[in-house]
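The values are calculated or read from the model by the stated rules, or taken from the named source; none is laboratory data. These numbers come from a predicted model, not from an experiment. All Cβ positions, even for glycine, are placed from backbone atoms using ideal geometry, and neighbour counts span all protein chains on display.
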Amino acid sequence: MKALIVEDEKLAQARLSRLLRDLFPDIEIAAVTDSVRSTVEFLTPDPPINIIFMDVELADGECFEIFRKVPVHAQVVMTTAYDTYAIKAFEAGSIDYLLKPIDPQALVRAVSRCRERENKIDVEKLLAAVGRPKPRYKEHSVVQVGDRLIPVAADEIACFFSEDKANYLIRKTGERYLIDSTLDLLETQLDPDKFFRISRGCIIARSTVKTVHKHLNGRLMLDLVPSPPVETTVSRARVEDFLSWLG
């Protein structure tokens, strides 16, 4: 049995790959793709894939675009942090769905159902159920603590920042976590009403802003709680946008 993993978060890729190797030695992971584009390119020759584990939210769009661009003949299991979308996909003909972080027992159930069923996903029904893509923003970020993956809700996040070529998330309670995503990618995924990129190295949540001070050369200096260990100034070019965002 050959599997394709469609997932744009490396930690989630690694966890699912490890679970499949540990629980299903007969399943060969044929490939791992991380975007709509790379998945379409992989599936275009119609490779002999039996099962696809497909994240709903990918770096360049929703996975449903894959079904609009290329025939999918394999069994499909959705993996997602958004249970409302997962339920739509399940009801529309997908074999099963897994909520992140993936539970081993739930994975066993999903694979067992795929082995038992002969019918494939009903693409027309699926696309009719989800409709055209709508803007959706990241509701959780997955962080790794030891060997555990922990989802952190967007409302719990104070800021993201870069330091020494690494990227971090700070929770409103002050905990700091190393993350895999870049700030460039996060900027496209986060709700712009809640988050603002004040500089190349920092994205902040509105609720962390306590005071704003005028600074040199028309810039603004921010007092944030909790405060990241990087400069929290807003450049002159971004001041107008920032003040409008702050309301």
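Couple of notes before you dig in:
- Residues satisfying the stated conditions in the stretch 96-122, i.e. more than 20 Å from residue 84 (Cβ to Cβ) and assigned to a helix (DSSP H, G or I): 104, 105, 107, 108, 109, 111, 112, 113, 114, 115, 116
- Cβ-Cβ distances below 7 Å connect the following pairs, each with a first residue in the stretch 188-213 that is under 21 Å from residue 58 (Cα atoms) and at pLDDT 90 or above, a second residue that is charged (D, E, K, R) and buried (at least 17 other Cβ atoms within 10 Å of the Cβ), and a separation of six or more residues or different chains: 190/138; 203/197.
- Residue satisfying condition, being charged (D, E, K, R), in contact with a strand residue (DSSP E or B) (Cβ under 7 Å, 6 or more places away or on another chain) and under 19 Å from residue 97 (Cα atoms), within set 187, 116, 139, 156: 139
- Filtering the stretch 184-205 for residues that are exposed (fewer than 13 other Cβ atoms within 10 Å of the Cβ) and among the hydrophobic types (A, V, I, L, M, F, W, C) leaves an empty set.
- Counted residues, the stretch 35-63 - those being within 19 Å of residue 119 (Cα to Cα) and either charged (D, E, K, R) or in contact with a Pro (Cβ under 7 Å, 6 or more places away or on another chain) (or both): 1
- The stretch 220-247, subset modelled with pLDDT of 90 or more and among the hydroxyl-bearing types (Ser, Thr, Tyr), residue nearest to residue 194 (Cα to Cα): 244
- Scanning the stretch 214-232 for residues that are free of Cβ contacts under 8 Å to residues at least 60 places away in the same chain and farther than 16 Å from residue 156 by Cα yields a total of 12.
So that you can scan it fast, the table gives a plain yes or no per residue for (1) touching a Ser or Thr at 6+ places or on another chain (Cβ under 6 Å); (2) of a type in the set (D, E, K, R):
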position	(1), (2)
190	no, no
193	no, yes
198	no, no
203	no, no
206	no, yes
217	no, no
224	yes, no
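- Flag for residue 149 being touching a residue at least 40 places away in the same chain (Cβ under 8 Å) and buried (at least 16 other Cβ atoms within 10 Å of the Cβ): yes
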